[in-house]
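Data block below; observations after.
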Amino acid sequence: MVTFKIARFDSDKDKEPRFQTYEVPDEKEMSVLEALFYIVENLDGSLAFRYSCRGAVCGSCAMRINGQNRLACQTLIKKLGSTTITISPLPHLPVQKDLMVDMESFFAKYEKIKPYLINNDPIPDKEFKQSFKERAEIDEMINCILCGNCYSACTMAATNSDYLGPAALTKAYRFYADSRDTAKAERLRIIDGEDGAFRCHTLFNCAEVCPKNIVPTYSIQKLKGAACFK
Amino acid sequence: MKYNKSSLLWLLQRISAVLIFSALGAHIWKVHYVELGQPILYAGVALRLKDVMTLALDSSILFLGLFHGLNGVRMVALDYDFLKKHDRLISWLLVIVGAAFFILGVRGLWAFLINIK
Ligand code: SF4
Ligand code: FES
């Protein structure tokens, strides 16, 4: 059996979160998300958490598992190397219920950086071409699934509510560095300023928790350089 | 190149760090190694502090150190919601503190060359 200590909180009823304990059979290759399904189906149907793809693609199941922000679907119980697993919601975000947090501020900042390709050139006959080398520069950032692990782990995003944060800045660089994008100056204007890229103190908390092995600090440093020497 | 205040201060923080490092190297060389083996006497120190180049070097270390330190304090202040609301006030306070310490320091240094009352 594996013991799960799970943070329970209902913003409509509770003042403080509390931990509830559940015993889950130790199945081979069971992920933390599957254990949560077991709890909901067999022990307590009131436990709330988000998930969708179950395959580390949608980013909805981000939560704090044994002291680190992780994806529940990607985390195998056996890999945690412990028979007691503590789960709480992503820190530094308002809790809605149990393991569900309010991602409003995260997505508002994501929208701010204009997360879409801007190209005002005449549309070519076939397609906007991109070489393998040009694409390689943004490969890593394209993999971001917007799970919010990095944003929640970032000390600066926790203390400064206006800071764009590592995920939005990673996406900003993804479009800035895209050879097909023509809005470079506008993008630099958005990420410049006290609450943009320059708020990052290169702590690398973001890189440590990214389930896609992205290093947001790289993108942020690139943006700082671009904003300084534009 | 067109700079925003934040990018300019960020860049100057890096530049000042490199300059402090090199200026401190020159200072340590001048103060400790140029006359290695000679007895350390107050008169020797006073003589060195009569040299315009040494005074200019030490004054620039003071300026760069103050800028680097106080700009760092402002950057830390801006990390917090409750302090960043007062950015303008904090910035001016730091400028005043920096200017006051610079004047005090320079007075002390240049007193060996110019008779300041
Ligand atoms: S950079 Fe990584 S941790 Fe941050 S939102 Fe994207 S996938 Fe999640
Ligand atoms: S359920 Fe989609 S990433 Fe975990």
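Nothing in this text is a laboratory measurement; each read-out follows from the coordinates by a stated rule. Predicted, not measured: the structure shown is a model, and the values here were computed from it. FYI the Cβ positions are ideal-geometry reconstructions off the backbone, even for glycines, and counts take in every protein chain you see.
The mean sequence distance of close C-alpha pairs (under 8 Å, at least 6 residues apart), as a share of the length of chain A, puts its relative contact order at 18 percent. Restricting the GluC sites (Glu not before Pro) of the range A:12-90 to loop positions (DSSP other than H, G, I, E, B) with no more than 11 neighbouring Cβ atoms within 10 Å leaves A:GLU29. Annotation: amide H of A:ASP10 within the under-5 Å range of A:ASP98, sequence separation 5 or more or interchain, hydrogens built in the peptide plane. Please enumerate, by chain and number, the lysines with C-alpha under 20 Å from the C-alpha of A:LYS171, excluding those fewer than 8 residues away in the same chain. The reachable lysines, counting only those whose Cα sits under 20 Å from A:LYS171, are A:LYS109, A:LYS112, A:LYS114, A:LYS133, A:LYS184, A:LYS212, A:LYS222, A:LYS224, A:LYS230. Averaged over peptide A:194-205, the number of partner chain Cβ atoms lying within 10 Å of each residue's Cβ comes to 3. Multiplying each eigenvalue of the alpha-carbon gyration tensor of the range A:2-101 by 5 and taking the square root yields semi-axes of 20, 15, 13 Å, largest first, rounded to whole angstroms. Comparing B:GLY25, B:GLY105, B:GLY65 in a Gaussian network model of chain B (Cα springs below 10 Å), the most mobile by mean-square fluctuation is B:GLY25.
Each label was represented as a point 7 Å from its Cα along the Cα-to-Cβ direction; for A:SER52 and A:LYS114 these points are 2.5 nm apart.
Think of it as helices only: each DSSP H run of n ≥ 4 in the protein assembly as shown is worth -39500 (n - 2.57), and spread over all residues that comes to -14500 deg cm²/dmol at 222 nm. The GluC sites (Glu not before Pro) of the range A:88-142 that DSSP puts in a loop, and whose beta carbon has at most 15 other beta carbons within 10 Å, are A:GLU127.
Note on chain B: Rg/Rh from C-alpha atoms, Kirkwood Rh, equals 1.08.
The distance from the alpha carbon centre of the range A:1-15 to that of the range A:193-230 is 34 Å, rounded to a whole number.
The percentage of C-alpha pairs in chain A whose separation is greater than 24 Å is 49%. Of the trypsin sites (Lys or Arg not before Pro) found in the range A:1-82, the ones in coil according to DSSP and having at most 15 other Cβ atoms within 10 Å of their Cβ are A:LYS13, A:LYS15, A:LYS28.
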